Structures are given as structure tokens and as C-alpha cells.
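This structure is in C-alpha cells; I'll ask about it shortly.
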Amino acid sequence: MNEPPFRRVGIYGLGLIGGSIALAVKRRWPRVMVVAIDRPHVIETALRMRIADEVSAEPRAASSCELLVLAAPVLQNVTALGALSPHLVQPILVTDAGSTKRAIVDAAATLPEHIQFVGGHPLAGAATSGLEAARPDLFDDRPWVLTPSERATEAAVDALSQLVVGLRAIPHRMTAADHDRLVAYISHLPQLAVSALMHVVGGHAREEGLALAGRGLRDTTRLASSPAGTWRDIVATNRDNVSAALDDLITALQRLKATAGPCDHELDEVFLSAARWKGVLEHS
């Protein structure tokens, strides 16, 4: 078994992602000490699940860690970075697991020099959120994007990449701006579109109509159960890119709306393009 890149890993925020990181670390390196930081009632659940070696509701618990992972919602991570940094007096690498990167990378620019920051985003999830849904295999064979700050050293990026590989994920490196533009299309737009779709369909079909729906609607709207709170932060910190993605979708829907009849090729073009890109997606 390879030596772990970090021997004490702190995790701030024990939801699905934070809890799964803790479990994945212990699966790969059982002797690594995992320190969990969260609210008291979450800590109680963590103790019951034996998800960490040490638990605390106090920010100072992160002071002895070599790596600190911020795994709360995006804006909470930004706030936590400022609240935790006075307690981080030893050299430490800090990363996060948020779905947008520009806000947290900008916030990290003011950190003292002994705190290295490399943004992170594991592209993994589950239908159910919360700590009790955490599992050690959540990141297996999934992409994990790294967005280093300008001051981050190559040694820091390499160490975090080793951790990601050890958790059986696949590291990808890009700028925070490129990340936010990309995920607006591959993650944020699908969520917003599906939520809007289920809102419209449910509002018109009601209970009686939905009882007649087939697997197509169920499969298409799998994301519609996602909590609004998480997505509020994501949209707030990526509004420009999300707005552009929504405009592109609206344009495509307007093309479909304008189809004049059986000889109109607009519908064919959209469906053929969709089928081609779906094939690319399924084989990627």
C-alpha cells in the first residue's frame, strides 16, 4: 500500500460529499486520521456512523491537519475559509469540493503564505443527500477537477492529485474560469432544466395525470428531487455562465416551437444532433 500524501485530513461539512470523502480516505488509508468539523447534531450522526477518528464543532480542530477539505455548500465554504484561516497557524493545504470555483479561488487569494489552496470539485453525487447517504465508493472512476490558485505550488497540486487517485477518482486540472463555464452546461443547466420541466409537467398533469406517466418521464426527471438550497449557492456564484447556458437552451426550444409541419427540418436537426451527442456521452 502506497504511503498516504497526508496523515491528518480535516473535513469541514459532513454531508454526502464530505462524509463520502471521509469514508473513501479510511478505505484507502485506514491509518490516516480523519478530523470532522460540523454542527453538533451532525457530529452526533458522524459518531454513530464511525465516519471519522475525531469530531468537533470548533474551527480550531483543523489546526493540526495537513489537509483541510471544505465540503459545505459553496457560499458556506467561502465564509468558512475566512473563519478557519486564523486557526491554521501551521503549513497546510486547503481544498474544497464546491460545484463552482471562481468565488472560492478569489477568496483564497488573501490567505497567508503558509496556507496553500487548490480548488477541487468531485463530479459525483447521489439521488439522496446528507451524511447518512455517504458511501466510500462515491468517487470511483469519477472526474475530480482541480483548480489551483495562482500561489499554489506544484508540490501542493501533486499531493492533492495523489489523494484523488487514492480515492479512485480521476484528477483533471483547469482554471477556475474554464471550470465554471463547462459545468454551467454539463451540470447546472441539466439540473435547472429538469426542475423546470417537472414543475411544468406536474403543475398541468397533477396527481391523476402523473399516475399515467411511463419510465421516460421518471428517467428524464431523476434530478428533480435535488434540494433548492444547494443550487441557490451554485447559481449565485455562476450566474453569468448559467444565464448564457439557459439562453442557449431557450433558443433551442424556440426552434422546436417554430417548427411549421412535417416538412420542416428544424425538429430533425435538433433530434439528430441530440442523438449524436448522446452517443458521445455514453461512450465517454
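Can you pull out every residue in the range 158-180 that is under 15 Å from ARG28 (Cβ atoms) and assigned to a helix (DSSP H, G or I)?
ALA159, LEU160, SER161, GLN162, LEU163, VAL164, VAL165, GLY166
Determine if the range 202-218 includes at least one residue that is touching a Leu at 6+ places or on another chain (Cβ under 8 Å) and within 30 Å of HIS172 (Cβ to Cβ).
Among the residues of the range 202-218, not one is touching a Leu at 6+ places or on another chain (Cβ under 8 Å) and within 30 Å of HIS172 (Cβ to Cβ), which makes the answer no.
For the subset of the range 24-41 comprising residues that are farther than 22 Å from PRO91 by Cβ and crowded, with 21+ Cβ neighbours inside 10 Å, which member is modelled with the highest pLDDT?
Per the stated criteria, the residue is ALA24.
Let me ask something else. Cβ-Cβ under 6 Å, sequence separation 6+ or interchain: first residue in the range 244-271 and in the same structural domain as VAL183 (by TED's automatic domain parsing) and more than 18 Å from LEU189 (Cα to Cα), partner modelled with pLDDT under 85 and in a loop (DSSP other than H, G, I, E, B). Which pairs?
The qualifying pairs are GLU266/THR259; LEU267/THR259.
Hey, another quick one. Just to check your reading of the model, which residue among ALA46, ALA24, ALA36, ALA72 is among the aliphatic types (A, V, I, L, M) and more than 23 Å from ASP233 (Cβ to Cβ)?
Going through ALA46, ALA24, ALA36, ALA72 in turn, the sole match is ALA24.
If ALA52 satisfies every condition in (1) within 26 Å of ALA108 (Cα to Cα); (2) without any contact (Cβ under 8 Å) to a residue 60 or more places away in the chain but one, which is the exception?
It fails just one condition, (1).
Would you check which residues across the range 1-24 are among the charged types (D, E, K, R) and not in a loop (DSSP other than H, G, I, E, B) and list them?
Of everything in the range 1-24, just one residue is among the charged types (D, E, K, R) and not in a loop (DSSP other than H, G, I, E, B), namely ARG8.
To keep it simple, each residue is scored yes or no on (1) exposed (fewer than 14 other Cβ atoms within 10 Å of the Cβ); (2) within 23 Å of VAL34 (Cβ to Cβ); (3) among the aromatic types (Phe, Trp, Tyr); (4) free of Cβ contacts under 8 Å to residues at least 12 places away in the same chain.
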position	(1), (2), (3), (4)
VAL69	no, yes, no, no
PRO91	yes, yes, no, no
LYS101	no, no, no, no
ILE104	no, yes, no, no
ILE115	no, yes, no, no
ALA127	yes, no, no, no
PRO136	no, yes, no, no
PRO148	no, no, no, no
VAL165	no, yes, no, yes
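Residue check: is LEU281 within 30 Å of GLY98 (Cβ to Cβ), exposed (fewer than 11 other Cβ atoms within 10 Å of the Cβ) and within 20 Å of the chain's Cα centre (by Cα)?
yes
Does the range 199-219 contain at least one residue that is outside any helix (DSSP H, G or I) and within 25 Å of TRP277 (Cα to Cα)?
Yes; the residues of the range 199-219 include at least one that is outside any helix (DSSP H, G or I) and within 25 Å of TRP277 (Cα to Cα).
The values are calculated or read from the model by the stated rules, or taken from the named source; none is laboratory data. Note that the coordinates shown come from a computational prediction; the quantities given were computed from them, not determined experimentally. Note that we place each Cβ from the backbone using ideal geometry, even for glycine, and neighbour counts take in every protein chain shown.
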